[in-house]
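Below you'll find the structure, written out as structure tokens, and then a few comments.
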Amino acid sequence: MAHETYLLDRSKLANSHTLEVARADGAYAALRKVFESSMSPESVVEEVKKSGLRGRGGAGFPTGLKWSFMPNHESDSRTRYMALNADESEPGTCKDRILMREDPHCLIEGCLIAAFAMRLDAVYIYVRGEYRLPYDRMQSALDEAREAGIVGDNILGSGYSCEIHMHKGAGAYICGEETGLMESLEGKRGHPRPKPPFPAGFGLWGQPTTVNNVESIFNVPFILARGADWFRTMGTETSPGNFLCGISGHVERPGVYEVPLGMSARAIVEDLAGGVWKGRSLKAWFPGGSSTGVLPADMLDTSMDHDSVKAAGSMFGTGAMIILDETASVVRSALILARFYEHESCGQCSQCREGTEWQEQIINRLLSGRGKSGDVELLVDLSNGMFPGKTICALSDAAAIPVLAAIKHFRGEFEACISSPEEVLA
Amino acid sequence: MALTAALKAEFDKLCTKYPHRRAGLIPALHRCQEELGGWISPETITDCAEYFELEPVEVYSVASFYPMFFLSPVGQHVVSVCRNISCDLRGASEITNAARQHTGAACGESSEDGRFYLEEVECQGACTSAPMMVVDGKYHEDLEPADVARILGEIQ
Amino acid sequence: MTKIIVNGREVEADPQKPLIAACHDHGEHVPHYCYHPGLSVVGSCRICQVEVKQGEMPARVVAACRTPVAEGMVVNTESQGAHDSRRECLEFLLKNHPLDCPICDKAGECTLQDYSFQEAQAEGRTSEPRRTLEKRKDLGDVILLDQERCILCSRCVRFMDEVPKSPQLCISGRGSDSVVETWQDAPLTGNYQGNLADVCPVGALTLKDFRFQARVWNLTRVPSTCSECSRGCSISVEVLRDGEVKRMRPRPNEDVNGYWMCDHGRFSEGELNRSDRMGPAAMRNDAGELNQADPDDALRVVRNLLSIQSNALFLASPYLTLEEGEALSQLARSCSTQAAFFSPAANDLGDDVLHTGDPCPNRRGLQDAGLKPMDSEAWAAASASADCVILVGERLLDMLGEEALDGLPSAQRLVVMECRTSNHPAVDVALGVPNRVERSGTWINVDGTAGAIRAARSAPQGVRTIVDLLANLTSASSQPEEALSS
């Protein structure tokens, strides 16, 4: 399969995480180009907008558009921040880890370009506490960059100054939610904030802040180096570029593969990941992480881009595909995810705190042979009470969707738990 | 006083990264857990409260939110097996069983000899190399059940 | 002000406040738990759902506490969508909430009960076991915590952080494992703990003082003013069946106390329920016994005393109202003297929240009425030389201390108008008076703001008001009557 790649090219080099190797491979050339061609910050934002890059953290929000929400620096002189979301915790997702570990300088470069574009004073990189090696590689790379005059005062002699700081999380999936992340960064419980106000108006310590995903920012140096038009040659009209597709579960070759958006799910599963393992057939698959909701096998020809997956009744999310073979229990997967969302709910909103527990309790009973008539209807009804948009953040939605999708496509499996409990326990 | 002078000096430097010192709290709690017995003791909480000019109840509230902080003593070596979907699909429960057998600890508990603390955790971001476990902060991926005994056996 | 339309009515909304405040200000009901007008806004309980339409955008159901008002906004608090959302939210809250109503003090003033009835959430569908947590967690002298009843609205945590600015409560854990607690189960401290039982929407935080004391629907609530310092917090006095004062709670008053009162004032009701109450009147006979008397006879004796004495000392209790102070002033002037009021020493309860540290609730009022303040020292000097002392008002004997009467000259005549009985041999005439929950009047607080006290129950049988007694003495004081043979 011949498609253009760029995201993982440098990581194939030995010691790609060091400044020496990275710089020889072209790291910081895009940043230098921005300064040397005297691009204005606003024109950098325009270029990213023009590229059509969409956020890679799960929501798929256009990155350039998000950058443009930062207030006009002339009328609003408050301190300006970016919080880089390296909290990667969506089940199935393990791509940002690779980028930080193997090519931290590209990420730093992306941060600096973003910082210049949005006229930022500082960038905080919030890394999930469990990612020790990625954190350490990022810190070393930052130290190297600072020594080389790339981070801090007068970056590359441009006159522009910006600080980049590493920050360690301590677990809790909810700290990957942009406002939960900010609360956690400030040293508090990771409780998401209601929106409005949005981070661009009221972010870290109440200052204008943009929160972006690692992979989103990782794309930025390439867009500035090779141009928005180049970026649009890959992917689809509404989802341009390449993405890192992590494919896990019941496949022969699980792994993180760089593919263009719009590639068919079937091609990814069969051509890249070696197909369903052990000669089995596909039963169900998640397109983009656990929160996107399962799709049946007969929808495997869905293109992996935001609009197509949405049209198929799910979401692109983080592009993390999870594959279930014919022997897998969809009900068991639903239980594992229900347990996950219950564990991760911050507890603020009534629907989420109580609803995630309730979902887990009901599905647990179903799998223990203690299901009751009406349980499936109750699961559907209570899940519908958890979304859409009824809570401070989307965790409630993320918990509701997988249950609803599993029941929609595999209701029979759920009902069988009630009608034939002895088979379930076997 | 649990906080050593060395830790305080570290925190002094750490806090300069932020416009408000409180932002250093969670990184500081990590360092406390690493240096002060593998858990966040009440003394650690009151000391950190004093250092960050907060009330102990506020520090406790923060520490108790995060799964990585232990608020009661745990065994010397923490073994965390991922139980989420990608790992479960590839045999995480066998890994957990093997870890239970080798450590002698039940999930969420420490072994009697105090050497191990075993827990099941949520997605650790190693989904494409499932199943996995984390031992003393280090990722061990692409596991077969037999790997568990070998890896844990190598711990001094 | 911003013009919005709420349930078909155009109203003016304060743009500084969220939509829920505008709805409440105009008498439109929007259910709420975590929202409280005196605390920061969180938006976590999710029950304040209303339907909002702005311009051409489709109507959406939103949380009113987190919605800013905007010109031309059309609000429907009774839409089907809003009700459905609220009902869902209630079912989630009731899933773990214990069915404690029959034994819960909050019953009758619990918004979980109220909204459940309003939204017709009569039956829950859960068959799961409820969370078991601590049900009688002792948080010190004032508050008991039942963690199972808690709906995690965080009002209590925010109250302690924001009002007395003393963080002592927290939510610990995460998600469905969250609980409210103190650090290491330490008891709460401070003078504002009672407010926690008020802000808690359910029976999770309750007053030990009120535990199992009364069903709230049997309480008569009367608006009044607190007596324990010169702040004069607006309160409601709550009496059980014309009998005991069972509790006092703050009433909102943005000019004086916001939404709060201190514990010192809140828990002062014990004194109001004392059993040693003075009857209508008593007089000492030749044998030295203090016997019950007819108030008119007693008043006659007092009038005679006043007409023949040249150096009368009138001392008012600091709890006298403005009206009573004026009546006493008039009486004193008719006896060619100036009345005084006992000025208690400042205590150490003054803080920067509410308590002024001055135990006198009507200092300014009594001074405006022409009474001069008199502390213990001045009282000792003045009482030593007066030939007739008239003590007027509740708690004065307690404040002076009965020992203060020991040193009075034996020739001196002592008239006591009080709530409590006294067997002190110096007392010649005693007249019972109503206490501050048995009469009406005005107190002027430290800032000059008037606060009304109102009768919440009847005074003991036959006891007359202070104003009546004083007016009676004033009208005839210029004319000596024949002394009754004593």
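The values are calculated or read from the model by the stated rules, or taken from the named source; none is laboratory data. Worth saying up front: this structure is predicted, and the values here are computed from it rather than measured. Quick reminder, even Gly has a Cβ in these numbers, built from the backbone with ideal geometry, and neighbours come from all protein chains shown.
Residues in segment A:373-388 that are more than 14 Å from A:SER419 (Cβ to Cβ) and crowded, with 18+ Cβ neighbours inside 10 Å: A:LEU379, A:LEU382, A:SER383, A:GLY385, A:MET386, A:PHE387.
Considering segment C:1-15, the residues that are of a type outside the set (D, E, K, R), modelled with pLDDT of 95 or more and not in a strand (DSSP E or B) include one that is surrounded by the fewest Cβ atoms within 10 Å (Cβ to Cβ), namely C:GLY8. Scanning for something within 12 Å of chain B (Cβ to nearest Cβ), without any contact (Cβ under 8 Å) to a residue 12 or more places away in the chain and within 21 Å of B:TYR66 (Cα to Cα), does segment A:155-173 turn up at least one residue? No: zero hits.
Give the residues of segment A:6-39 that are within 17 Å of A:ARG146 (Cβ to Cβ), over 24 Å from the mean Cα position of the chain (by Cα) and part of a loop (DSSP other than H, G, I, E, B), sorted by residue number. Within segment A:6-39, A:THR18, A:TYR28 meet the criteria. Just to be sure before I move on: is C:ARG221 at pLDDT 95 or above and under 26 Å from C:TYR33 (Cβ atoms) in the structure I sent? When the stated conditions are applied, C:ARG221 passes them. Is segment C:282-294 home to any residue that is small (Gly, Ala, Ser), in a loop (DSSP other than H, G, I, E, B) and in contact with a Pro (Cβ under 9 Å, 6 or more places away or on another chain)? Yes, segment C:282-294 has at least one match. Scan segment C:160-186 for residues that are farther than 30 Å from B:PRO67 by Cβ and within 14 Å of chain B (Cβ to nearest Cβ) and the total you get is 2. State yes or no: is B:GLU10 closer than 21 Å to A:ARG132 by Cβ, more than 14 Å from chain C (Cβ to nearest Cβ) and in contact with a Ser or Thr (Cβ under 8 Å, 6 or more places away or on another chain)? Considered against the rule, which asks whether it is closer than 21 Å to A:ARG132 by Cβ, more than 14 Å from chain C (Cβ to nearest Cβ) and in contact with a Ser or Thr (Cβ under 8 Å, 6 or more places away or on another chain), B:GLU10 comes out as no. Restricting attention to segment A:36-56, the residues that are crowded, with 16+ Cβ neighbours inside 10 Å and farther than 19 Å from A:PRO260 by Cβ total 7. Of all residues in segment C:62-84, those being among the acidic types (Asp, Glu), assigned by TED's automatic domain parsing to the domain that holds C:HIS29 and free of Cβ contacts under 8 Å to residues at least 24 places away in the same chain number 0.
The residues of segment A:256-304 that are of a type in the set (Asp, Glu) and part of a loop (DSSP other than H, G, I, E, B) amount to a single one, A:ASP301. Considering the conditions (1) within 20 Å of B:ILE26 (Cα to Cα); (2) part of a loop (DSSP other than H, G, I, E, B); (3) touching a helix residue (DSSP H, G or I) at 6+ places or on another chain (Cβ under 8 Å), B:GLN124 is excluded by exactly one of them, (3). Under the condition of being in contact (Cβ under 8 Å) with a residue 40 or more places away in the chain and crowded, with 18+ Cβ neighbours inside 10 Å, the residues counted in segment A:279-306 number 16. For segment B:58-70, a residue qualifies if it is surrounded by fewer than 21 Cβ atoms within 10 Å (Cβ to Cβ) and either within 9 Å of another protein chain (Cβ to nearest Cβ) or in contact (Cβ under 8 Å) with a residue 60 or more places away in the chain (or both), and the qualifying residues are B:PRO67, B:PHE69. If the condition is being in contact with a Lys or Arg (Cβ under 7 Å, 6 or more places away or on another chain) and assigned to a helix (DSSP H, G or I), then segment C:62-90 contributes C:SER85, C:CYS89. Quick check on segment B:13-57: of everything there that is among the charged types (D, E, K, R) and within 10 Å of chain A (Cβ to nearest Cβ), which residue is nearest to A:TYR126 (Cα to Cα)? Out of the qualifying residues, it is B:LYS17. Exactly one residue out of A:ALA200, A:ALA225 is over 16 Å from A:LEU65 (Cβ atoms), away from every other protein chain (no Cβ under 13 Å), among the small types (Gly, Ala, Ser) and not in a strand (DSSP E or B): that is A:ALA225. Would you be able to say whether some residue in segment A:37-49 is farther than 24 Å from A:TYR81 by Cα, in the same structural domain as A:SER158 (by TED's automatic domain parsing) and out of contact with any strand residue (DSSP E or B) (no Cβ under 6 Å at 6 or more places or on another chain)? The answer is yes, given that some residue of segment A:37-49 is farther than 24 Å from A:TYR81 by Cα, in the same structural domain as A:SER158 (by TED's automatic domain parsing) and out of contact with any strand residue (DSSP E or B) (no Cβ under 6 Å at 6 or more places or on another chain). When residues in segment A:187-243 are screened for being farther than 22 Å from A:ARG32 by Cα, aliphatic (A, V, I, L, M) and crowded, with 23+ Cβ neighbours inside 10 Å, 2 of them pass. Within segment A:136-154, if we keep just the residues that are closer than 30 Å to B:VAL62 by Cα and surrounded by fewer than 22 Cβ atoms within 10 Å (Cβ to Cβ), the residue that is farthest from the other protein chains (Cβ to nearest Cβ) turns out to be A:SER140. Those residues that are within 11 Å of another protein chain (Cβ to nearest Cβ) and either without any contact (Cβ under 8 Å) to a residue 60 or more places away in the chain or part of a loop (DSSP other than H, G, I, E, B) (or both), I need them from segment A:307-340; list them, please. If the condition is that a residue be within 11 Å of another protein chain (Cβ to nearest Cβ) and either without any contact (Cβ under 8 Å) to a residue 60 or more places away in the chain or part of a loop (DSSP other than H, G, I, E, B) (or both), then A:THR318, A:ALA320, A:THR327, A:ALA328, A:SER329, A:ARG332, A:LEU335, A:ILE336, A:ARG339 are the ones that fit. Would a scan of segment B:87-97 turn up a residue that is in contact with a Cys (Cβ under 7 Å, 6 or more places away or on another chain) and part of a loop (DSSP other than H, G, I, E, B)? No; the residues of segment B:87-97 include none that is in contact with a Cys (Cβ under 7 Å, 6 or more places away or on another chain) and part of a loop (DSSP other than H, G, I, E, B). The set of residues in segment C:46-61 being in a strand (DSSP E or B) and without any contact (Cβ under 8 Å) to a residue 24 or more places away in the chain consists of C:LYS53, C:ARG60.
With a requirement of 2 or more residues that are crowded, with 17+ Cβ neighbours inside 10 Å and touching a Pro at 6+ places or on another chain (Cβ under 6 Å), none of the strands (runs of 3 or more DSSP E) lying completely within segment C:98-198 satisfies it. Of all residues in segment C:275-311, those satisfying the criterion of being of a type in the set (Gly, Ala, Ser) and crowded, with 20+ Cβ neighbours inside 10 Å are C:ALA281, C:ALA282, C:ALA293, C:ALA298. Within segment C:317-338, the residues that satisfy the criterion of being assigned to a loop (DSSP other than H, G, I, E, B), surrounded by fewer than 24 Cβ atoms within 10 Å (Cβ to Cβ) and among the hydroxyl-bearing types (Ser, Thr, Tyr) are C:SER336, C:THR337.
None of C:PHE341, C:PHE314 is buried (at least 23 other Cβ atoms within 10 Å of the Cβ) and touching a residue at least 60 places away in the same chain (Cβ under 8 Å) except C:PHE314. Residues in segment C:51-102 that are hydroxyl-bearing (Ser, Thr, Tyr) and touching a His at 6+ places or on another chain (Cβ under 8 Å): C:THR77 only.
In a residue-by-residue description of segment A:232-243, the property of being among the acidic types (Asp, Glu), assigned to a loop (DSSP other than H, G, I, E, B) and closer than 20 Å to B:PRO131 by Cα applies to no position.
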